[in-house]
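Inspection log for the structure reproduced underneath, given as structure tokens.
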Amino acid sequence: MAKFGLSQPVRRIEDPRLLTGRGRYTDDVPAPAGALRGYVLRSPHAHAAIRGIETAAARAMPGVHAVFTAADLAAEGLGELPCTIPLANRDGTPRAETPRFALASDLVRHVGDPVAFVVAETLQAAKDAAEAIAVDYEVRDSATDLATATEPGRPQVWHTAPNNIAFDWEAGDKARTDALFTQAAHVSRLSVINNRIVVASMEGRACLAEWDGARFTLHAGTQGSWLIRRLLAESVFKLPQEAFRVITPDVGGGFGMKLYLYPEYVLCAFAARRLGRPVRWAAERNEAFLSDTHGRDNISHAELALDKDGRFLALRVRTLANMGAYLSTFAPYIPTGAAAKVLASVYGFEAVHAHVLGVLTHTVPVDAYRGAGRPEMNYLLERLIDTAARETGRDRIELRRRNMVRPEQMPFTSAAGQRYDSGDFARVLDEALARADWAGFPARRAEAKRRGRLRGIGLAYYLEATGGSPTERAEVRFAEDGCVEVVVGTQSTGQGHETAYAMITAKELGVPMERIRIVQGDSDAAPFGGGTGGARSLYSEGTALLATTATVIERGRQAASEALEAAAADIEFASGRFTIAGTDRSIGILELAARQREKRARGEEAITLDAAEVAQIPAHTFPNGCHIAEVEVDPETGAIAIPRYLVVDDVGHAINPLIVRGQVHGGVVQGLGQALLERTAFDPASGQLLTASFMDYALPRAEDVPAIEVDLIEVPCETNPLGVKGAGEAGAVGSPPALINALLDALAEAGVRHLDMPATPEAVWRALSAAKAA
């Protein structure tokens, strides 16, 4: 590599462009001539029948070009926005269907459900026209409370899902689990709420659609253009995929939420074709609260069976998972297959069993959010282990250590059926305890008590399981301007992909990083791509890059043998140059690529160095680590401070430790928000989202966030050639249980035994007051 090697903390090469305002996000794409603005009229009711829609007055308003309703879309045969997960119930029957179209026709099922689409010369004209649309609603009772939505007599979201149950799923060995519980010396039980999250990406969703008479072009902020192209073409418009080009420019945060096909993308494309004009749309923040998929929202009941020596025998989990009003693209998989991967975590259970009910409610659909099922399961288990330690009088550290899978057991197949290829969990735990000075905590607690504060320490050991497409593609092209173009199938949404991929390419080809250009997000640039999600990007795309650069080098040897007049077997490649072995005769890879390209341009036969490869991803990875938090509570107000936060992670080989630490920092802060601040509330009577703006929904601010110490212990992954495990989601997996365990440790002496997230100052104060009254 010309300047930096792998494992170096290289500053992100994309940052100067982004930090100086030269980024290009979807709403920055210049408006083509004649572009119109779209605006979505949304339901103000959580549940209502649409008895009629009168649009004539709106259509007649100045600047309005069209007002579309569900009838217009149906007349042209547009299909539904599909859920792509074919889940089977416990009895073998398929899950319920919740057909979702871009506009509601007979019923609206949540506040914010799209009802009409107005297209006008300006956004203000479109908004004014929307106010003139008269919708005759028959308002009905709604079910927005997950805890009661499955009870008999509750309002039904879909008649195809009795008692609002979309699926009834299980995993694990139920018979063996139940048998082990009968043998247990002790059983600990815990029920927790994993609170609903509004994703709130910095850049809101937006799109721009064009129709040239034969083909659509859609600019949209996605996490993978190819998925959106496929769903638009095959499911909605019933056209070949070649009829769509999807371009994703810079993306200001995705966190899972931008993976999916949304109604607005369909509406803009439909309107562009109908009107023969480009149509663009961008979400306002309040609109995002009502239309972006939400995350989490589970109620779980867990039981842990231990033998007389404190060894974990079995785990039993029952979860109610809120799906919202419609099954989103991947939604059924999140609390089922995704969560079950880490059901046994890093511990040597003999058996585990999970039972999940997917519950429909009159709320915004729920789908993957950073970690996608794994944070929920890790939170439940790490809370439960602390409960078991307290109930059995055992040290919470030793209880974990006693039950951890040992490195000599690797590869290890967990009770959940997952094959862990590598890991040294006890070593990571011990390193975290030493760095956090766990042994010195009593002195810090005593000092806080003298100041009138309650101080606690907590930890969580997390296991992440990455996922995603089983293949990935990379292409290397030598451009006329002397740069190397690397076409990738993933999509950066702020993770630093451009830097990481440039580092790998530079190392393999010996080309300076400043001569490498990463091409992403354009479905025309490559036939397919796996997109970004499940912390898969580096090991998947990295594997494809290694295969592609190896092909480039082999093609270069063939070309260099001709240029240097030597046998290909005598050509060596190192540091960006092809050399005849034992001589000083050589040619640089960029010079050779230009030479071959020029020969081809003259019509001469020439081996070019351009190459593309598709890599199979036979196994995904298991990042893991230990989070330790210290908190201080003001007992008079319930206010919480976090004086210390530390993470020790095993993400395998860290290609760029600086980027890894940044990813962990961001994940920890998002987990902190869920644990202590972020509360999504619906009015039980009307179904209105009460926390539909940042006036009511609290995100972490700088003053809420501690200095986050991150240390990396590299236990290389054995299932990919880079040895990497993934780091994009890990911070959000470990931080909620670490913080809540620390908070409960602080409140234990006051008699508080349980808190659910978000543990706001009010919730803490109320818990302290209740304990004092008791």
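The values are calculated or read from the model by the stated rules, or taken from the named source; none is laboratory data. Everything numeric here is computed off the predicted structure, so don't read it as measured data. FYI the Cβ positions are ideal-geometry reconstructions off the backbone, even for glycines, and counts take in every protein chain you see. All accessible areas refer to the heavy atoms of the entire protein, side chains included, with ligands and DNA or RNA removed. Shrake-Rupley method; radii C 1.70, N 1.55, O 1.52, S 1.80 Å.
Kindly check whether there is at least one residue in the stretch 591-600 that is touching a helix residue (DSSP H, G or I) at 6+ places or on another chain (Cβ under 9 Å), of a type outside the set (Val, Ile, Thr) and in contact (Cβ under 8 Å) with a residue 60 or more places away in the chain. For the stretch 591-600, residues touching a helix residue (DSSP H, G or I) at 6+ places or on another chain (Cβ under 9 Å), of a type outside the set (Val, Ile, Thr) and in contact (Cβ under 8 Å) with a residue 60 or more places away in the chain: present.
Among the listed residues Val266, Val246, which satisfies the condition of being part of a helix (DSSP H, G or I), more than 20 Å from the chain's Cα centre (by Cα) and surrounded by 24 or more Cβ atoms within 10 Å (Cβ to Cβ)?
Val266
The number of residues in the stretch 626-679 that are of a type in the set (Val, Ile, Thr) and not in a strand (DSSP E or B) comes to 8. If the condition is being in contact with a Pro (Cβ under 8 Å, 6 or more places away or on another chain) and either more than 23 Å from Leu261 (Cβ to Cβ) or surrounded by 13 or more Cβ atoms within 10 Å (Cβ to Cβ) (or both), then the stretch 83-99 contributes Cys83, Ile85, Leu87, Ala88, Arg95. Given the structure, is Gly276 on the phi > 0 side of the Ramachandran plot, over 16 Å from the mean Cα position of the chain (by Cα) and in contact (Cβ under 8 Å) with a residue 40 or more places away in the chain? Yes.
Looking across the stretch 513-558, the residues that are under 27 Å from Phe216 (Cβ atoms) and of a type in the set (Asp, Glu) come down to Asp522, Asp524, Glu541.
If you go through the stretch 192-206 one residue at a time, do you hit one that is more than 24 Å from Glu678 (Cβ to Cβ) and surrounded by 19 or more Cβ atoms within 10 Å (Cβ to Cβ)? No, because not a single residue in the stretch 192-206 is more than 24 Å from Glu678 (Cβ to Cβ) and surrounded by 19 or more Cβ atoms within 10 Å (Cβ to Cβ). Please tell me if Glu636 is charged (D, E, K, R) and under 30 Å from Val752 (Cα atoms). Yes.
May I ask you to verify whether Ala70 is touching an Asp or Glu at 6+ places or on another chain (Cβ under 9 Å), closer than 17 Å to Glu264 by Cα, surrounded by fewer than 22 Cβ atoms within 10 Å (Cβ to Cβ) and touching a residue at least 12 places away in the same chain (Cβ under 8 Å)?
So Ala70 fits the description; yes.
Residues that are surrounded by fewer than 24 Cβ atoms within 10 Å (Cβ to Cβ) and on the phi < 0 side of the Ramachandran plot within the stretch 252-261 comprise just one, Gly252. Could you list, in sequence order, the residues of the stretch 276-315 that are buried (at least 23 other Cβ atoms within 10 Å of the Cβ), outside any strand (DSSP E or B) and acidic (Asp, Glu)? Scanning the stretch 276-315 gives a single hit, Asp292. For residues that are under 22 Å from Glu303 (Cα atoms) and not polar (S, T, N, Q), scanning just the stretch 146-157, find the one that is most open to solvent (accessible area, probe 1.4 Å). Looking at the filtered set, the residue picked out is Ala147.
Of everything in the stretch 741-761 that's in contact with a strand residue (DSSP E or B) (Cβ under 9 Å, 6 or more places away or on another chain) and not in a helix (DSSP H, G or I), which residue is surrounded by the most Cβ atoms within 10 Å (Cβ to Cβ)?
Initial filter on the stretch 741-761 (in contact with a strand residue (DSSP E or B) (Cβ under 9 Å, 6 or more places away or on another chain)): 741-750, 754, 756-761.
Within this subset, residues satisfying the condition of being not in a helix (DSSP H, G or I) are 754, 756-760.
Numbers: His754: 13, Asp756: 15, Met757: 26, Pro758: 22, Ala759: 23, Thr760: 18.
Restricting to residues being in contact with a strand residue (DSSP E or B) (Cβ under 9 Å, 6 or more places away or on another chain) and not in a helix (DSSP H, G or I), the top hit is Met757.
Do we find a residue being acidic (Asp, Glu), open to solvent by 10 Å² or more (accessible area, probe 1.4 Å), within 21 Å of Ala615 (Cβ to Cβ) and out of contact with any helix residue (DSSP H, G or I) (no Cβ under 7 Å at 6 or more places or on another chain) anywhere in the stretch 491-498? Taking every residue of the stretch 491-498 in turn, at least one turns out to be acidic (Asp, Glu), open to solvent by 10 Å² or more (accessible area, probe 1.4 Å), within 21 Å of Ala615 (Cβ to Cβ) and out of contact with any helix residue (DSSP H, G or I) (no Cβ under 7 Å at 6 or more places or on another chain). Of everything in the stretch 158-177 that is open to solvent by 50 Å² or more (accessible area, probe 1.4 Å) and more than 28 Å from the chain's Cα centre (by Cα), the residue that is nearest to Thr144 (Cα to Cα) is Asn163.
Only one entry in Arg455, Arg451, Arg445, Arg427 is out of contact with any His (no Cβ under 8 Å at 6 or more places or on another chain), closer than 23 Å to Ala748 by Cα, in contact (Cβ under 8 Å) with a residue 24 or more places away in the chain and open to solvent by 20 Å² or more (accessible area, probe 1.4 Å), namely Arg455.
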